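See below for the structure under consideration.
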Amino acid sequence: MSFPVTRATFDEVMVPNYSPAGFVPVRGAGSRLWDQQGREFIDFGGGIAVNGLGHCHPELVAALTEQAGKLWHVSNGLTNEPALRLAKTLVDNTFAERVFFCNSGAEANEACFKLARKYAADHYGPQKNVIVSTRNSFHGRTLFTVSVGGQPKYVEGFLPAPSGIRHCTFNDIDSLKEAMGDDVAAIVLEPVQGEGGVLPATRAFLKAARELADQFNALLVFDEVQTGVGRTGALYAYMEYGVTPDLLSSAKALGGGFPIGAMLATARAAASFVVGTHGSTYGGNPLATAVGLRAVEVINTPAVLGGVRAKGQRFIDGLNAINAEYKVFREVRGMGLLLGAVLAEEYAGRAKDFVKAAEKQGLMVLVAGTNVVRFAPSLVIPEQDIDEGLARFKAAVASIAAK
Ligand SMILES: *Cc1c(COP(=O)(O)O)cnc(C)c1O
């Protein structure tokens, strides 16, 4: 049954762990959204790097509706065709030789961390169990993944945290070296720190991590939940860097908006997850994997991936032009269509104000922490929508700079 609901209903019935915008979207098409009052927004946020093909892409709608009439769910006591096709496609197009499906980025990372410990225990003994991660990284919200994430604010109030986790400084090779030892099971890195401020790793840092992982018999894990599936202009960012991990987590754009997560693995590492060691009721669900397969097929083409680089440059040029006039940013950084405008000293801590000002102009942008305005639009956003959205963003920036 349908009955009226508004933004106010949120405060009455939802757990207060979010503070959503004042409007409620009801419809989306491509890079545009409409709210309950029919007001239109250009979407530069993409559901936080999830809607890789925008809203209601016809190919994804077709994949979902076709599968919806065939088979929704079977237990993992059975396999299914869409899951096998998506796994085969990921294996054919990446370093991976084996795939494990789940439902979110946190679960994909949880699988990676558990497998890394299991692999280390199988081959070297249980004392080899430390996960080395970087401060200010983000790997999800389960207790294990927030603990690995290294942002204390996300663990506060939830202690005791799991042990066997060590943090070093991102892009600091000496700091990573100091964190290494024979007890290290895995090094976990985001090729571009997303939530941490859209900060790309240097190639030297990722190369050093690969070498140190090999030297200490540890696995190298890349968290590509945000950078994966075309976001940086390659199917996965590791391809752009030329540094190959042993395990990789994928989610967000993998389903284009339908919940799915995946762990990509070498066969040698995967072999430690023998029958009964790990699982997920919904992981590899036919609906999710049918949509995921189509998303990967559409995105993994020279036209779409090349388009990401060109569109990213158009964004950077547009943001720099706005900045030349208003001097609100210290720098614009990122890769492909994962971009961050770092606020200048004068505006430090006010990223959220830019989101609110943009909303008033009919534009959705994101923050990454309190100091970075983040952009993660559809990978196939038309140039016209980029230009119109940037014009709206300019008006938003002007409204803040004028005060
Ligand atoms: C979003 C994100 C996650 C968590 O994904 P969920 O689907 O919210 O669990 C993990 N790692 C990175 C890099 C992310 O950006």
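For region 191-200, a residue qualifies if it is open to solvent by 10 Å² or more (accessible area, probe 1.4 Å) and in a loop (DSSP other than H, G, I, E, B), and the qualifying residues are GLU195, GLY196. Can you pull out the residues in region 88-146 that are acidic (Asp, Glu), within 12 Å of the ligand (Cβ to nearest atom) and over 12 Å from ASP223 (Cβ atoms)? Once the filter is applied, which keeps residues that are acidic (Asp, Glu), within 12 Å of the ligand (Cβ to nearest atom) and over 12 Å from ASP223 (Cβ atoms), region 88-146 yields only GLU107.
For the residues LEU254, LEU287, LEU212, LEU219, the requirement of being in contact (Cβ under 8 Å) with a residue 12 or more places away in the chain and within 18 Å of the chain's Cα centre (by Cα) singles out LEU254. Among the numbered conditions (1) more than 26 Å from ALA201 (Cβ to Cβ); (2) under 20 Å from the mean Cα position of the chain (by Cα), the only one that LEU338 does not meet is (1). Would you be able to tell me the number of residues in region 271-319 that are open to solvent by less than 50 Å² (accessible area, probe 1.4 Å), in a loop (DSSP other than H, G, I, E, B) and among the β-branched types (Val, Ile, Thr)? Residues that pass the stated criteria total 2. Hey, does region 340-352 have a residue that's among the aliphatic types (A, V, I, L, M), under 30 Å from LEU220 (Cβ atoms) and outside the structural domain of ALA120 (by TED's automatic domain parsing)? Yes, region 340-352 contains at least one residue that is among the aliphatic types (A, V, I, L, M), under 30 Å from LEU220 (Cβ atoms) and outside the structural domain of ALA120 (by TED's automatic domain parsing).
The rows are residues; the columns are (1) buried (at least 18 other Cβ atoms within 10 Å of the Cβ); (2) aliphatic (A, V, I, L, M); (3) more than 29 Å from VAL332 (Cβ to Cβ).
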{"position": "LYS128", "(1), (2), (3)": "yes, no, yes"}
{"position": "VAL132", "(1), (2), (3)": "yes, yes, yes"}
{"position": "SER137", "(1), (2), (3)": "yes, no, no"}
{"position": "LEU159", "(1), (2), (3)": "no, yes, yes"}
{"position": "MET180", "(1), (2), (3)": "yes, yes, yes"}
{"position": "ALA204", "(1), (2), (3)": "no, yes, no"}
{"position": "LYS207", "(1), (2), (3)": "no, no, no"}
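Once region 54-97 is narrowed to residues that are small (Gly, Ala, Ser) and in a loop (DSSP other than H, G, I, E, B), the residue that is nearest to the chain's Cα centre (by Cα) is GLY54. Restricting ARG294, ARG309 to residues that are modelled with pLDDT of 95 or more, of a type in the set (Lys, Arg) and in the same structural domain as LYS207 (by TED's automatic domain parsing) narrows the list to ARG294.
Is it true that some residue in region 142-153 is touching a His at 6+ places or on another chain (Cβ under 7 Å), open to solvent by 10 Å² or more (accessible area, probe 1.4 Å), outside the structural domain of GLY47 (by TED's automatic domain parsing) and under 19 Å from ALA111 (Cα atoms)? Scanning region 142-153, I find at least one residue that is touching a His at 6+ places or on another chain (Cβ under 7 Å), open to solvent by 10 Å² or more (accessible area, probe 1.4 Å), outside the structural domain of GLY47 (by TED's automatic domain parsing) and under 19 Å from ALA111 (Cα atoms), so the answer is yes.
Only one of the listed residues (GLY30, GLY22) is farther than 22 Å from ASP353 by Cα, away from the ligand (no atom under 16 Å from the Cβ) and assigned by TED's automatic domain parsing to the domain that holds GLN384. That residue is GLY30.
A count restricted to region 250-265 and to residues that are open to solvent by 10 Å² or more (accessible area, probe 1.4 Å) and more than 9 Å from the ligand (Cβ to nearest atom) stands at 3.
With respect to LYS356, is the statement that it is within 24 Å of the chain's Cα centre (by Cα) and open to solvent by 40 Å² or more (accessible area, probe 1.4 Å) true? Answer is yes for this residue.
The values are calculated or read from the model by the stated rules, or taken from the named source; none is laboratory data. The model shown is predicted, which means the values in this text are computed figures rather than measured ones. Here the Cβ is made from the backbone with ideal geometry for all residues, glycine too, and neighbour counts use every protein chain on show. Surface areas here come from the heavy atoms of the whole protein model, side chains and all, with no ligands, DNA or RNA. Shrake-Rupley method; radii C 1.70, N 1.55, O 1.52, S 1.80 Å.
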